[in-house]
Every structure is written in structure tokens, then in C-alpha cells.
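First the structure, in the form of C-alpha cells, and then the observations on it.
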Amino acid sequence: QVQLVESGGGLVQPGGSLRLSCATSGSIFDLLTMAWYRQAPGNQRELVASITPAGNINYADFVKGRFTISRDNAKRTVFLQMNSAKPEDTALYYCNALWGQRNSWGQGTQVTVSS
């Protein structure tokens, strides 16, 4: 089982930036497809961005050009750089790890975009 711990959430003003981190345990990080999801109150959880072991990246349309996902295999960590934040980005952000038919979730980190 892969353990995930998110950090970096908080309060940011509209137009501001925030960087989320997701640290993983274990020795198979190189094999993991990593992703960030988010869930706002009353909404379903939705995919924000994903990155494969080969570095192939996918973004949801609503974050293209504003958010950047990256991974550091040496640190077994995945990042989400959030720029030009909007109030509608307010949500609980979850890290996800996928390998084969298995996946793990972090506990989530709250991001609030407000003035």
C-alpha cells in the first residue's frame, strides 16, 4: 500500500499562487501514475491533473494554462503549482496514486481562494 500525505493548502487571494505537495511512501513511486483531484462542497470529486511515470500530463480544461503538475522521483513527491487562482478553485484537494488495478488516496488539503 502506498501512503500519501498532502500539504501546502491554505488561503490565497484571487489571482494568487499556491503550491501543493504530495509525499509518498514506499519504493514504487517510479511506477505510479500520480494525480490531483478536488472536491468542493456539494460537488463530485473531479480530476484536476495527472502525470504518468513517463511524464505524460493531462489537465482538466478548467485549469489549463493556470496549474502545473510535476513530479520529483528522487523525492517521491508530486506537486501542483496553482497560479491565477480563482474563487471557484476553492475545494479540498486530494492526491491519488494509481498502479495496476490499485490506487491510494491522501487525506486532502484545503484550498480557499478568497479576498
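The values are calculated or read from the model by the stated rules, or taken from the named source; none is laboratory data. Everything numeric here is computed off the predicted structure, so don't read it as measured data. For neighbour counting, all protein chains shown are included, and Cβ atoms are generated from backbone atoms with ideal geometry for every residue, glycine included. Ligands, DNA and RNA are stripped out before the accessible areas are found, and what is left, the full protein with its side chains, is counted by its heavy atoms. Shrake-Rupley method; radii C 1.70, N 1.55, O 1.52, S 1.80 Å.
Worth pointing out:
- In summary, strands (runs of 3 or more DSSP E) completely within the range 75-115 and bearing 3 or more residues that are of a type in the set (S, T, N, Q), at pLDDT 95 or above and within 15 Å of the chain's Cα centre (by Cα) occur at 109-113.
- Qualifying position, being basic (Lys, Arg) and either without any contact (Cβ under 8 Å) to a residue 12 or more places away in the chain or open to solvent by 30 Å² or more (accessible area, probe 1.4 Å) (or both), among 66, 38, 19: 19
- When 103, 83 are screened for being surrounded by fewer than 17 Cβ atoms within 10 Å (Cβ to Cβ) and closer than 17 Å to residue 25 by Cβ, only 103 passes.
- Candidate set: the range 3-16, residues that are within 16 Å of residue 112 (Cα to Cα) and assigned to a strand (DSSP E or B); chosen: the one most open to solvent (accessible area, probe 1.4 Å): 11
- Checking each residue in the range 41-51 for being assigned to a loop (DSSP other than H, G, I, E, B) and exposed (fewer than 14 other Cβ atoms within 10 Å of the Cβ) picks out 41, 42, 43, 44.
- Residue under evaluation residue 93, criteria (1) open to solvent by 10 Å² or more (accessible area, probe 1.4 Å); (2) hydroxyl-bearing (Ser, Thr, Tyr); (3) more than 15 Å from residue 26 (Cα to Cα), criterion not met: (1)
- Of all the numbered requirements in (1) among the basic types (Lys, Arg); (2) open to solvent by 40 Å² or more (accessible area, probe 1.4 Å); (3) under 27 Å from residue 115 (Cβ atoms); (4) without any contact (Cβ under 8 Å) to a residue 60 or more places away in the chain, residue 71 misses one, and that requirement is (3).
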